[in-house]
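Read through the structure below, which is laid out as structure tokens, and then see the notes.
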Amino acid sequence: LFAGPVDFVKGVVAMSGLPPDNRIEVCFAGRSNVGKSSLINALTGRKTLARASNTPGRTQEINYFALGEARYLVDLPGYGYAKAPVAVVAKWQALLKSYLAGRVTLRRAFVLIDARHGVKEVDDEILTLLDRSAVTFQAVLTKTDKISRAELDRVTDQVRGALAKHPAAFPELIVTSSEKGEGIETLRAVIAALE
Ligand code: GDP
């Protein structure tokens, strides 16, 4: 699945722009700067696939990448950037809601959580939206190379506690570091196993 080229398909700004729903897909969500571009690049083995420094607040797109012949990897815009204009945030939230509730081929959302910060209120809002949209989601801890083993244990507990309140949460956390390549194979295997 990840062996061949992973091609950019299109950037989508409205539901009408979504590609045909003839493949299953997974999406990636997370606060701005959580390490989403780095993780997607590590997953796909490319350095420049996902832009590593999205300019927060510019026109936000849902980016589609083809994974093999039968899947899409979907990169959702980062959320929670404090300085994003209100109108941009509102438009993005509306698109996100429509996408999550309406995309029948969406099999799982991966919600990235910065291992230094744990689940923040703005993350919890997205988790609630995923519950309401009946989209199974799995939490992915990012940047774990930046913290100690003890801190990792602590944040893991915090995240598990937060997930327990969400019926759509998949219980297993995926612990990653794009920098060290940790957890990347695990994440690939999870995506490959989805049907
Ligand atoms: P995005 O805004 O969520 O796409 O985040 P980026 O992938 O652009 O990463 C934000 C910052 O975190 C950049 O400076 C990255 O180099 C850094 N970063 C991302 N992943 C890791 C990681 O696994 N370990 C470390 N140490 N830094 C990371």
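Here, each number is a calculation from the coordinates, and none is a lab measurement. Every value quoted in this text rests on a predicted model; they were computed, and no experiment measured them. All Cβ positions, even for glycine, are placed from backbone atoms using ideal geometry, and neighbour counts span all protein chains on display.
Here are the numbers for the structure shown:
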read-out	value
Backbone N within segment 93-111 under 19 Å of label point (7 Å from Asp21 Cα along the Cβ vector)	94-110
Under the span-like rule (Cα at least 20 Å along the axis, Kyte-Doolittle mean at least 0.0), DSSP H helices of the chain	86-102
Computed over segment 7-193, Kirkwood Rh from alpha-carbon pairs, angstrom	16.6
Between segment 56-98 and segment 120-195, the alpha-carbon center distance in angstrom	19
Spin-label model distance (nm) - Ala90 vs Leu1, 7 Å beyond Cα toward Cβ	3.9
Sites Arg46 and Val13 - FRET efficiency at Förster radius 30 Å, r taken between beta-carbons, to 0.05	0.80
Length added when fully stretched, Ala82-Glu69, from 0.36 nm per residue minus Cα-Cα	0.9 nm
Selected from Leu1, Leu73, Ala168, residue furthest toward positive end of dipole (the chain; charges at beta carbon)	Leu73
Cβ-placed point charges (K, R +1; D, E -1), dipole of the chain about Cα centre in debye, nearest 20	420
Two-site FRET efficiency, Glu172 against Arg149, from Cβ-Cβ distance with R₀ of 25 Å, rounded to 0.05	0.85
Among the listed pairs Lys120/Lys143; Lys36/Lys83; Lys10/Lys83; Lys97/Lys180; Lys83/Lys165; Lys10/Lys97, those beyond 23 Å (Cα-Cα)	Lys10/Lys83; Lys97/Lys180; Lys83/Lys165
Kirkwood Rh in Å, taken over all unlike Cα pairs in segment 60-152	14.8
The chain, relative contact order [Cα under 8 Å, separation at least 6], %	24
